[in-house]
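**Student:** I have a structure here, written as structure tokens, and I will follow up with some questions on it.
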């Protein structure tokens, strides 16, 4: 105020500095003299009297040596007029033995006639609490990033209009992109989504913008051509007073690979690598459950049950390894003889099934006759002896009134054993056995 005396101003200034916890210092660079206020000493747990004699060596004595070297370099920049203000965060030893963090600021107050720095003034502020919080935040950030790396998890944020979009570094790695060369972009991401998954992805994004959450899995095609499975979750959330879209992306390729492998194992015969009985029954149920009004119901399918003739004799004569070789060769031949959409399965021992979709017995017979003749042409040699094989095939159509898989399998089994009992090496349809007294 205009009427304040200089002493009143000084007292007021001292009160302000004291209330702010500011520890002041004045340093004569030329003589080494150092003037400290009581707060400076209290900051370190001392009184001024305990610190005497006081000089620039006092500052050095209580400063962490690594940080003191840093302050020296920063002071030199101010002395050379490179910087106007000296600013440094450093550690100082407290009377109790622990380190505190201090924010040290100052400037050159006067210079000698030759321009050398003379008096430098400044203050210390205890920032230990801030540094502790900062260290916690850094530690949490490092932990979070490490956890994301371990979990193959990245995150992203965007405004509802996607005008602002952020991808974490892990997102870039999942997508196979360089975060130094590529800015986040919806257009770029959509270009990487697998074409078969793109429509569903777009639907999920629309729902998200409208306030719904999304949680789904889809494929991404990286720029190098590699396909990655990702699991995305996202929701709307308020961040800093704004509504934002917040999402995560996890690389689940390994999990999908394992799931695929487990599915294959659950559906595949271990020896022949063709489908097993479980998978056959699943597909047969699908055919049986086709609605009668469907066009496919007119010709739902044909099931052919094949049994190798005299297979036990092969095992008994040449051993089970020879028998396995015959089974694998037959399985391979059957797969090559039918359409890719048809199912070839080994249902047990020397028994195989071919399930042919959208066809009738009459339409299937040319293929089955080819199989019958082709099996005769399969040649083997065991113990230096040639071996030929044959098979008997029981065939039935899947009927509209079939209720269970057993209805179909029983008819095919009856036809098969009719052929077995009447010379083997032949095709018998369930129609052929319709009026046969078993």
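The values are calculated or read from the model by the stated rules, or taken from the named source; none is laboratory data. This structure is a prediction, so every number in the text was calculated from the model and none was measured. All Cβ positions, even for glycine, are placed from backbone atoms using ideal geometry, and neighbour counts span all protein chains on display.
**Student:** Can you name the residue in the range 428-438 that is at pLDDT 55 or above and out of contact with any strand residue (DSSP E or B) (no Cβ under 6 Å at 6 or more places or on another chain) and is also surrounded by the fewest Cβ atoms within 10 Å (Cβ to Cβ) among such residues?
**Tutor:** 434
**Student:** With the structure loaded, tell me whether residue 197 is surrounded by 11 or more Cβ atoms within 10 Å (Cβ to Cβ) and closer than 16 Å to residue 158 by Cα or whether it fails that test.
**Tutor:** For residue 197, the condition - surrounded by 11 or more Cβ atoms within 10 Å (Cβ to Cβ) and closer than 16 Å to residue 158 by Cα - is not met.
**Student:** Also, quick follow-up: Residues that are touching a helix residue (DSSP H, G or I) at 6+ places or on another chain (Cβ under 7 Å) and farther than 30 Å from residue 352 by Cα: list the strands (runs of 3 or more DSSP E) wholly contained in the range 156-272 that include at least 3 such residues.
**Tutor:** Ranges flagged: 214-221, 227-239, 242-251.
**Student:** Condition first: in a helix (DSSP H, G or I), over 24 Å from residue 273 (Cβ atoms) and either over 49 Å from the mean Cα position of the chain (by Cα) or modelled with pLDDT of 95 or more (or both). Can you find one or more residues in the range 420-427 that meet it?
**Tutor:** yes
**Student:** Regarding the range 286-296, can at least one residue be identified that is part of a helix (DSSP H, G or I), in the same structural domain as residue 405 (by TED's automatic domain parsing) and free of Cβ contacts under 8 Å to residues at least 12 places away in the same chain?
**Tutor:** yes
**Student:** Mind checking which residues of the range 171-185 are surrounded by fewer than 12 Cβ atoms within 10 Å (Cβ to Cβ) and within 19 Å of the chain's Cα centre (by Cα)?
**Tutor:** Scanning the range 171-185 gives a single hit, 178.
**Student:** Still on this model: Any residue at all in the range 339-354 that's without any contact (Cβ under 8 Å) to a residue 12 or more places away in the chain and either out of contact with any strand residue (DSSP E or B) (no Cβ under 7 Å at 6 or more places or on another chain) or outside the structural domain of residue 303 (by TED's automatic domain parsing) (or both)?
**Tutor:** yes
**Student:** So, one more: Considering only residues that are over 50 Å from the mean Cα position of the chain (by Cα) and touching a residue at least 12 places away in the same chain (Cβ under 8 Å), look in the range 93-116 and name the one that is surrounded by the most Cβ atoms within 10 Å (Cβ to Cβ).
**Tutor:** The selected residue is 106.
**Student:** Taking the range 203-217, which residues are touching a residue at least 12 places away in the same chain (Cβ under 8 Å) and closer than 22 Å to residue 244 by Cβ?
**Tutor:** Hits for the range 203-217 are 204, 208, 209, 211, 213, 214, 215, 216.
**Student:** I would also like to ask the following. When residue 73 is evaluated against the numbered criteria (1) touching a helix residue (DSSP H, G or I) at 6+ places or on another chain (Cβ under 9 Å); (2) not in a strand (DSSP E or B), which criterion, by number, is the only one it fails?
**Tutor:** (1)
**Student:** In addition: For the structure I just gave you, tell me whether residue 396 is in contact (Cβ under 8 Å) with a residue 24 or more places away in the chain and part of a strand (DSSP E or B).
**Tutor:** Against the criterion (in contact (Cβ under 8 Å) with a residue 24 or more places away in the chain and part of a strand (DSSP E or B)), residue 396 qualifies.
**Student:** I would also like to ask the following. Tell me whether the range 54-76 contains one or more residues that are modelled with pLDDT of 90 or more, more than 54 Å from the chain's Cα centre (by Cα) and loosely packed, with under 15 Cβ neighbours inside 10 Å.
**Tutor:** The answer is yes; a qualifying residue exists.
**Student:** Do we have any residue at all in the range 28-38 that's modelled with pLDDT of 70 or more, outside any strand (DSSP E or B) and under 52 Å from the mean Cα position of the chain (by Cα)?
**Tutor:** no
**Student:** Follow-up question, since we're still on this one. Does residue 228 satisfy the criteria of being modelled with pLDDT under 90, within 19 Å of the chain's Cα centre (by Cα) and surrounded by 12 or more Cβ atoms within 10 Å (Cβ to Cβ)?
**Tutor:** No; evaluated as a whole, the condition is false for this residue.
**Student:** Would you check which residues across the range 300-337 are in a loop (DSSP other than H, G, I, E, B) and surrounded by fewer than 18 Cβ atoms within 10 Å (Cβ to Cβ) and list them?
**Tutor:** Scanning the range 300-337 gives 310, 319.
**Student:** Filter the range 132-164 down to residues that are crowded, with 17+ Cβ neighbours inside 10 Å and modelled with pLDDT of 80 or more and give me whichever is farthest from the chain's Cα centre (by Cα).
**Tutor:** So the residue we want is 158.
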